[in-house]
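The values are calculated or read from the model by the stated rules, or taken from the named source; none is laboratory data. All values reported here derive from a predicted model rather than from experimental measurement. Cβ placement follows ideal geometry from the backbone for every residue including glycine, while neighbour counts extend to all protein chains displayed.
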Amino acid sequence: MNSSNFEQGDIVVAQVLFSEQIGLKTRPALVISNTKYNKKSEDIILLKITSQSKRTTYDINLNNKDLENGELTKPSMIMIDNPVTTYRGMISTKIGKITNTKLKEVKKKLSELYELQTKNN
């Protein structure tokens, strides 16, 4: 896929490294890098999505009602505390997009994790 096709809030299927940085896993992920960056960069910044139970206070529930379009096969979690940078060629397909409300929730949780000030804080 062309990097200009990726927008912040898209849910994609990508090959990402395991946390130990050994081996790849194909999994859904949320595009968190902004659309302007994605149009110019060979890399895309992703937040992994898992169907496992909540691991930390930085995981956010994700269900089909949180999607503007597309569909999840099961209720999932967005793993806020483990962003990954992935070469755009490792992304195989776009499977949906989260709502603006859910994207705001993700940004708020990222702000809490990294102690960033935003306009809404």
(request) Please work out if residue 53 is at pLDDT 95 or above and either over 22 Å from residue 37 (Cα atoms) or of a type in the set (Lys, Arg) (or both). (result) no
(message) Quick check on residue 107: is it assigned to a helix (DSSP H, G or I) and either under 15 Å from residue 12 (Cα atoms) or of a type in the set (Lys, Arg) (or both)?
(response) yes
(request) Could you tell me which residue of the range 50-60 is nearest to residue 99 (Cα to Cα), considering only residues that are surrounded by 13 or more Cβ atoms within 10 Å (Cβ to Cβ) and not small (Gly, Ala, Ser)? (result) 60
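Considering only the range 63-78, how many residues are of a type in the set (D, E, K, R), touching a helix residue (DSSP H, G or I) at 6+ places or on another chain (Cβ under 7 Å) and surrounded by 12 or more Cβ atoms within 10 Å (Cβ to Cβ)? If you could, list the steps in order and put the result at the bottom.
To start, the set of residues in the range 63-78 that are of a type in the set (D, E, K, R) comprises 65-66, 68, 71, 74.
If we keep only those that are touching a helix residue (DSSP H, G or I) at 6+ places or on another chain (Cβ under 7 Å) too, we end up with 66, 71.
Now restrict to residues that are surrounded by 12 or more Cβ atoms within 10 Å (Cβ to Cβ): 66.
Number of matching residues: 1.
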(message) I need a count of the residues in the range 94-104 that are in a strand (DSSP E or B) and over 18 Å from residue 43 (Cβ atoms).
(response) 4
(request) Return the pairs, sorted by first residue and then second, in which the second residue is outside any helix (DSSP H, G or I) and polar (S, T, N, Q), the first residue lies in the range 56-72 and is within 15 Å of residue 94 (Cα to Cα), the beta carbons are less than 8 Å apart, and the residues are 6+ apart or on different chains. (result) 67/99; 68/99; 72/63
(message) Cβ-Cβ distance below 9 Å, separation of 6 or more or different chains: which pairs start in the range 89-100 with a residue that is buried (at least 17 other Cβ atoms within 10 Å of the Cβ) and end on one that is aromatic (Phe, Trp, Tyr) and assigned to a loop (DSSP other than H, G, I, E, B)?
(response) 91/6; 94/6
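Of the residues 65, 48, 97, which is at pLDDT 95 or above and farther than 13 Å from residue 12 by Cα?
On the way: 48 fails: farther than 13 Å from residue 12 by Cα; 97 fails: farther than 13 Å from residue 12 by Cα.
Testing whether each residue is at pLDDT 95 or above and farther than 13 Å from residue 12 by Cα leaves just 65.
So for the range 75-85 (the condition being touching a residue at least 60 places away in the same chain (Cβ under 8 Å), within 18 Å of residue 105 (Cβ to Cβ) and either in contact with an Asp or Glu (Cβ under 9 Å, 6 or more places away or on another chain) or part of a strand (DSSP E or B) (or both)), does at least one residue qualify? Let's see the steps before the verdict.
If we filter the range 75-85 for residues that are touching a residue at least 60 places away in the same chain (Cβ under 8 Å), which is where we start, we get 82, 84.
Narrowing the set further to residues that are within 18 Å of residue 105 (Cβ to Cβ) leaves 82.
Checking the rest, the ones that are also either in contact with an Asp or Glu (Cβ under 9 Å, 6 or more places away or on another chain) or part of a strand (DSSP E or B) (or both) come to 82.
Yes, that holds for at least one residue.
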(message) So in the range 19-49, with the set limited to residues that are touching a Ser or Thr at 6+ places or on another chain (Cβ under 6 Å) and not in a strand (DSSP E or B), which one is surrounded by the fewest Cβ atoms within 10 Å (Cβ to Cβ)?
(response) 39
